[in-house]
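This report refers to the structure that appears directly beneath it.
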Amino acid sequence: MVFSVRTFNNINQIGLKELGNKFQIDGDQAVNPDAFIVRSENLHGFAFPENLKAIARAGAGTNNIPIEEATAQGIVVFNTPGANANAVKEAVLASILLSARDYIGATAWVNTLSGDDVPKQVEAGKKQFAGTEITGKTLGVIGLGAIGARIANDARRLGMNVLGYDPYVSVETAWSISSHVKRVDDLKEIFRQSDYITVHVPLNDSTRELFDAQAFSMMKKGTTIINFARGELVSHPALFDAIATGVVGHYVTDFGTDDLLNQPHITVFPHVGGSTEEAELNCAVAAGKTIRRFMETGEITNSVNFPNMHQALSTPFRITLINKNVPNMVAKISTAVSQLNINIDNILNRSKGDYAYTILDLDEADREKITALAQQFESDENIVKVRIIESRK
C-alpha cells in the first residue's frame, strides 16, 4: 500500500525522504491524500478531503490549522516542537544584543555619510549609539518550553540575570533548565523586574494581548520586548502608548503589520526566526518521521489534538478508532469484537477533550473478519474514523 501525501509550501526534500518508499509525494496534484505536510499555509476554510487522516505542521505553531474542524473529522494534527528551537533561540539572543547597542540604527546612520572626512563624522556622531551591555541586566522569559529554556540557559552564560515564568513547564524541560535561572510563580514579577522580556507561549484566549496596558504599566522605563511567538500576544495601541511614554525602549518582533513598519523604537523582522537551513531540515525530518509512524503503525507522537499513543504492533491486524468521548465506548468496542469471535490481544484507549483514540490489536489473521469488524465500527454514530493496519511481519 502506498500513501499519498500533499505538501504545502516548500518542504525540505531531504526531510521528506524520511517518509520512505511507501509514500508518494503528490504536492497540489493530490486528489484524495492520506496526509498533509504544511509549513505556513493557511488551512482555515480549506475543505479537507474525505480520505485525509493526518496533518503535520513542520514547525511548532498550529494557528494556521483549524484544529477543531480537523478533530471533528477524525484528522490527527501533529507539530514538531523543538525542531526549530535553536534557530529561534539564536534570533532572540541576537535581538537582545542588537537592541542593547542599536547596531541596526548605527549601520543605517553610517551609510548616510559621505565625503573625505567620513572618519571624523563617525567619531563625532558615534556617541548616540553607545548603548549598554547586557551583562548584569535582567531577562524575563515567559514560556519555558523548548525555545524558552534554551534562551534562559544561554542568557545566563552571557552574564544576564534570568527570570522564568511557566506554570505548565514539563518535568523533562525543568531538568534541562539551569539552576541559576530563577523560576517565578507570578507573571507580574517578570513585568516589574525585567530589563528585557522575551515571550514564547502559544496564542489562545488566555494569552491574546498578554502585553496590554496593564502589563506595560508595571514595567521599568526603557524595557525591551522581544516577540518571536505570535504577533497577537501584544496589543499594538497599548504598545504605542508605552513607547510614547518611554516605558518600552524597544520592541522587536518577527510579525510585521502595516502599523508597526517604519516606527521609531520598533524593529520588525520578516518572520525569519525559525527559518534557517538547519531548522527547516529538522522540521521536515520530524514531520516526515511523525507521519510515517502514524500511517504505518497508528501510533501518535506530538499531536496537538489527540494524546500520545505508543504500543508495539505484534498481532496480524490493528484497528485504530477515533471516537467521541462518550460513556461505555470501550465496552461497546470490546463487545463488537467478541461477537465476531475475535480475541483482543491488547487495547489502549485515551481521551483528550471531546474525542478519544483507541488502538485495538487483534489476534486474528482472517482479513474478512477484520473488515467486517471495521464496517461495524463505521456504522456507529459515535465513531468518527476507522483504520485497519496490517502488520508488516
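The values are calculated or read from the model by the stated rules, or taken from the named source; none is laboratory data. Keep in mind the model is a prediction, meaning the values are calculated, not measured. No Cβ is skipped: glycine too gets one built from the backbone with ideal geometry, and neighbour counts run over all protein chains shown. Just the protein is used for accessible areas: all its heavy atoms, side chains included, with ligands, DNA and RNA removed. Shrake-Rupley method; radii C 1.70, N 1.55, O 1.52, S 1.80 Å.
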#### Entry: Evaluation of Thr253 against (1) farther than 24 Å from Ala100 by Cα; (2) open to solvent by less than 20 Å² (accessible area, probe 1.4 Å); (3) modelled with pLDDT of 95 or more (one fails), failing number
(1)
### Task
Taking the residues in the range 1-21 that are in a loop (DSSP other than H, G, I, E, B) and open to solvent by 20 Å² or more (accessible area, probe 1.4 Å) as candidates, determine which candidate is modelled with the lowest pLDDT.
Met1
### Task
Could you grab me the full set of residues in the range 49-63 that are farther than 26 Å from Leu139 by Cβ, open to solvent by less than 20 Å² (accessible area, probe 1.4 Å) and assigned to a loop (DSSP other than H, G, I, E, B)?
Leu52, Ala58
#### Entry: Within the range 171-267, helices (runs of 4 or more DSSP H) holding 1 or more residues that are within 25 Å of the chain's Cα centre (by Cα) and within 23 Å of Arg157 (Cα to Cα)
171-176, 187-193
### Task
Report yes if some residue within the range 333-350 is in contact with a helix residue (DSSP H, G or I) (Cβ under 8 Å, 6 or more places away or on another chain) and either among the aromatic types (Phe, Trp, Tyr) or in contact (Cβ under 8 Å) with a residue 60 or more places away in the chain (or both); otherwise report no.
no
### Filtered residues of the range 198-215 (kept if in contact with a Ser or Thr (Cβ under 7 Å, 6 or more places away or on another chain) and among the charged types (D, E, K, R))
Glu209, Asp212
### Summary
Of the residues in the range 125-140, those that are at pLDDT 95 or above and open to solvent by 80 Å² or more (accessible area, probe 1.4 Å) come to Glu133, Thr135
### Query
Has the range 61-77 got at least one residue that is at pLDDT 95 or above, under 30 Å from Val252 (Cα atoms) and in contact with a Lys or Arg (Cβ under 8 Å, 6 or more places away or on another chain)?
yes
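Any idea how many residues of the range 158-170 are outside any strand (DSSP E or B) and surrounded by 11 or more Cβ atoms within 10 Å (Cβ to Cβ)? Write out each step before concluding.
Taking the range 158-170 first, the residues outside any strand (DSSP E or B) are 158-160, 166-170.
Right, trim to surrounded by 11 or more Cβ atoms within 10 Å (Cβ to Cβ) and you get 158-160, 166, 169-170.
Adding up the residues that qualify gives 6.
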### Summary
Here the residues within the range 37-55 that are closer than 17 Å to Asn305 by Cβ and of a type outside the set (Lys, Arg) are Ile37, Val38, Leu43, His44, Phe46, Phe48, Leu52, Ala54, Ile55
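Test Val199 against the stated conditions and say whether it is out of contact with any Lys or Arg (no Cβ under 6 Å at 6 or more places or on another chain) and modelled with pLDDT under 95.
Details: out of contact with any Lys or Arg (no Cβ under 6 Å at 6 or more places or on another chain): yes; modelled with pLDDT under 95: no.
Taking the combined requirement at face value, the residue does not satisfy it.
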### Query
Among the residues of the range 73-124, how many are surrounded by fewer than 13 Cβ atoms within 10 Å (Cβ to Cβ) and in contact with a Cys (Cβ under 6 Å, 6 or more places away or on another chain)?
0
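Name the residue, out of Lys289, Lys324, that is of a type in the set (D, E, K, R) and over 21 Å from the mean Cα position of the chain (by Cα). Steps first, please.
Values: Lys289 fails: over 21 Å from the mean Cα position of the chain (by Cα).
On inspection, the qualifying residue turns out to be Lys324.
Listed here are the residues, each with its yes/no results for (1) within 21 Å of Ala56 (Cα to Cα); (2) in the same structural domain as Gly61 (by the TED database); (3) among the small types (Gly, Ala, Ser).
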{"residue": "Pro316", "(1), (2), (3)": "no, no, no"}
{"residue": "Leu348", "(1), (2), (3)": "no, no, no"}
{"residue": "Ile359", "(1), (2), (3)": "yes, no, no"}
{"residue": "Ala374", "(1), (2), (3)": "no, no, yes"}
### Task
For the range 342-392, enumerate the residues that are open to solvent by 40 Å² or more (accessible area, probe 1.4 Å) and of a type in the set (Val, Ile, Thr).
Ile344, Ile347, Thr371, Val384, Ile388
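On the basis of being open to solvent by less than 10 Å² (accessible area, probe 1.4 Å) and not acidic (Asp, Glu), does Val199 make the cut? Give the steps one after another, and end with the answer.
Details: open to solvent by less than 10 Å² (accessible area, probe 1.4 Å): yes; not acidic (Asp, Glu): yes.
Taking the combined requirement at face value, the residue satisfies it.
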### Message
Residue pairs, Cβ under 8 Å, 6 or more apart or interchain, first in the range 161-185 and under 15 Å from His200 (Cα atoms), second open to solvent by less than 30 Å² (accessible area, probe 1.4 Å) and of a type in the set (Ser, Thr, Tyr). List them.
### Response
Val162/Thr138; Leu163/Thr138; Leu163/Ser194
### Query
Restricting the search to the range 22-48, which residues are modelled with pLDDT of 90 or more, farther than 22 Å from Thr62 by Cα and outside any strand (DSSP E or B)?
Lys22
### Message
Against the conditions (1) free of Cβ contacts under 8 Å to residues at least 60 places away in the same chain; (2) closer than 25 Å to Leu93 by Cβ; (3) surrounded by fewer than 15 Cβ atoms within 10 Å (Cβ to Cβ), where does Val272 fall short? Just the number, please.
### Response
(1)
